[in-house]
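These notes are about the structure you will find just below.
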């Protein structure tokens, strides 16, 4: 039997959130046929016990293979489906939201749909993004100028349904044919940039990413901070993504600009930037799970 939606979740020490997400799935489907597979990436808290006690999902126990690897493994463990719902464990879905997302996904040429997402306090979570360019290397969202800002902050952009370059992957509904054509998420990123890469590759292959305000969700992790390691991983993967799409010459300039910007941030008091500078300039100190320690310019 082919179901309408295969919901896939990757957990890692998610004991505080996973029940809330799983409880929200059934009301979000509004009559659709669906499956739920959770891949646990080696949690050491109570996540596994919580999942074992539930009867509404299939649990796959794994070592930590990263977010992309976990999603791909969950898809392989799911029954045949017309679409794939990728979910962060710290998200919750509004009632009827998946059915609304699927209505949008069924429109011609659409491969990925993202809902309107809010923070835990109810405020808008700015999840929409523009594609990476040299001018946007600094992430200067505060300028409000599209030329320099990758993150879309303008509230007006969240009021209507429209195509976007990519959206943060807390909640994404993906056409199964699109997923299969792209070979799933690129696991070499491990964490961060995998959804950016996926949406940009989808666009290259003729599938649009569309945002709709008609479907809603909450992402409680949307406003959380990041550690020095996750900040480093994020910057390295941004460079890798840019290199893979723009070539070595342009990526060398992007790399140099990233180093300068991280030094500037460090001098301004952002302590997490100094470990990132070290990792950029000393490949052997980069997080091993990225497998990006063989050259100065991350591959």
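Quick rundown of the values:
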quantity	calculated
Sorted peptide list for 169-176, 54-61, 229-236, criterion being average Cβ within 10 angstrom, highest first	169-176, 229-236, 54-61
Potential lengthening between residue 52 and residue 281 on full extension [0.36 nm per residue; Cα-Cα distance subtracted]	78.1 nm
Residue order, fewest to most surrounding Cβ atoms within 10 angstrom, among 86, 1	1, 86
Percent antiparallel among DSSP beta bridges (both partners in the chain, rounded to 5)	40
The stretch 237-277-the stretch 83-159 distance, computed between alpha-carbon centres (Å)	24
Exposure proxy order (Cβ contacts within 10 Å, fewest to most) of 158, 67	158, 67
Tensor-based shape of the stretch 30-86 (alpha-carbon gyration tensor, a/c under 1.5 rounded, otherwise prolate or oblate)	oblate
Rel. contact order, % - alpha carbon contacts under 8 angstrom, at least six apart, the stretch 228-290	43
Cα shape, the stretch 142-253, gyration tensor, a/c 1.5 rule	rounded
Cα gyration tensor shape for the stretch 228-290, rounded if a/c is under 1.5, else prolate or oblate	oblate
Within the chain, helix-based [θ] at 222 nm, where runs of 4 or more DSSP H residues each add -39,500 (n - 2.57), nearest 500	-11000 deg cm²/dmol
Ranked list, fewest to most other Cβ atoms within 10 Å of each Cβ, for 219, 17	17, 219
Label-point separation in nm, residue 106 to residue 205, each point 7 Å along Cα→Cβ	2.3
Cut-off 14 Å, label 7 Å out along Cα→Cβ of residue 30, residues of the stretch 103-133 by amide N	103-106, 115-116
Highest to lowest packing among 98-108, 280-290, scored as the average C-beta count within 10 Å	98-108, 280-290
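No value in this document is a laboratory result; all are computed from the given coordinates. Everything quoted here is computed from the prediction, not taken from an experiment. Glycine also receives a Cβ, built like all others from the backbone with ideal geometry; neighbour counts cover every protein chain displayed.
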